[in-house]
Amino acid sequence: MSAPVTAAPVPARQRRRTARSWLRGIAIVVVTLVFALPLVWMFAAAFKTNVQVTDPSVGLWFRPTLENFRNIVEAGQIQRSMGNSLLVGVVSTVLSAVIAVPAAWAVGRFAMHRTGSLILVARIVPAISLLVPWYYLFAQMGLVGSYTVLILSQMFVSVPLIMWIMISFFAGLPVELEEAARTDGLSAFGAFWRIALPLAAPGTATASLLAFVFSWNNFMFALVFADDSTQTVPVTLFNFISYASTDWGGLMAAATLITVPVVLAAVLGQKYLVAGLTSGASKG
């Protein structure tokens, strides 16, 4: 008769590993809920009446209505402001990338530390401190209220942001690839255009997406420099708040609409965004 087989004891290391996995999973769930609940509340409030929004007893179980969306669409301001934000965001991001990416390659490839320090200074200077001199300068030039002043003000932040992200990418690329290209007859810019730039595409997509999101969400520049015809979406949201009352339903509906383009951009560029962030973390 054979002896009974007993289960081997679980090693202490494996138990600790299992406990850490559970704790990590719980932490991920808690953090996800903390960040997701405000978005869920915003989305639900967009389909409520103002009375339901301000009633704590009304949770996620209610009869939804499209009245808030119908009202803001019929008013027409949200479509115009979204078009303005899209125009300013795309143009400022493209122009910033055209300027910042080659500059970041030069700084990263030729170890221009002094220039890198100036970029850092431009990044840490609060843009709000420049609003008064900017307004005076642009007013003298007759640009206040135009798309030009909005694009230029966004570029003041976008150019250093893209450069600061891209410097580490270009510094991490093997210089031997560009040297081989130059040996084959390419110029320095040709090596950058045909070799370095394609390899840095994930970083360029990441930096451009972050610059676009900043431009889309920026409130202060548009509040100071825009007029009724060039008003962007953050200022339009601010208009739902008045001294006497707040149109919470319309505000949440408009906030839902303007969140969609940013979420779509993040989803469509997720592959490049993840690759860019992880590559920058390993090379930076």
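The values are calculated or read from the model by the stated rules, or taken from the named source; none is laboratory data. Every value quoted in this text rests on a predicted model; they were computed, and no experiment measured them. In this analysis, Cβ positions are derived from the backbone assuming ideal geometry, glycine residues included, and neighbour counts consider all displayed protein chains. Areas reflect the complete protein model, heavy atoms only, side chains present, ligands, DNA and RNA absent. Shrake-Rupley method; radii C 1.70, N 1.55, O 1.52, S 1.80 Å.
Which of the chymotrypsin sites (Phe, Trp or Tyr not before Pro) found in the stretch 184-275 are loop residues per DSSP with 14 or fewer other Cβ atoms within 10 Å of their Cβ?
The qualifying sites are PHE219, TYR243.
Take LEU257, LEU268, LEU60, LEU86 and sort them by solvent-accessible surface of the protein heavy atoms, 1.4 Å probe, largest at the top.
Result, largest first: LEU268, LEU60, LEU86, LEU257.
If you place +1 on the Cβ of every Lys and Arg and -1 on the Cβ of every Asp and Glu, how big does the dipole about the Cα centre of the chain come out, in debye to the nearest 20?
The calculated dipole for the chain is roughly 1260 debye.
What FRET efficiency, computed as 1/(1 + (r/R0)^6) with R0 = 45 Å and r the Cβ-Cβ distance, is obtained for MET141 and LEU186, rounded to the nearest 0.05?
In this case the efficiency is close to 0.65.
Can you give the local net charge around PHE189? Use residues other than it whose beta-carbon is closer than 13 angstrom to its beta-carbon, Lys and Arg +1, Asp and Glu -1.
Computed value for this residue: +2.
How large, in percent, is the carbon and sulfur part of the accessible surface of the stretch 77-280 at a probe radius of 1.4 Å?
Exposed carbon and sulfur together represent 71 percent of the surface.
What order do MET252, MET82, MET141 take when sorted by accessible area (1.4 Å probe), most exposed first?
Largest accessible area first, the list is MET141, MET82, MET252.
If you roll a 1.4 Å probe over the heavy atoms of the protein chains, what accessible area per residue do you get for the stretch 77-280, in Å²?
Averaged over the residues of the stretch 77-280, the accessible area is 50 Å².
At a probe size of 1.4 Å, how large is the accessible area of ASP228, to the nearest 10 Å²?
Here the accessible area works out near 120 Å².
Evaluate the distance, in nm, between pseudo-label points positioned 7 Å from the Cα of ARG17 and of LEU130 along their respective Cα→Cβ axes.
Result: 5.2 nm between the two label points.
Quick check: Cα centre of the stretch 104-148 to Cα centre of the stretch 38-74, how many Å?
41
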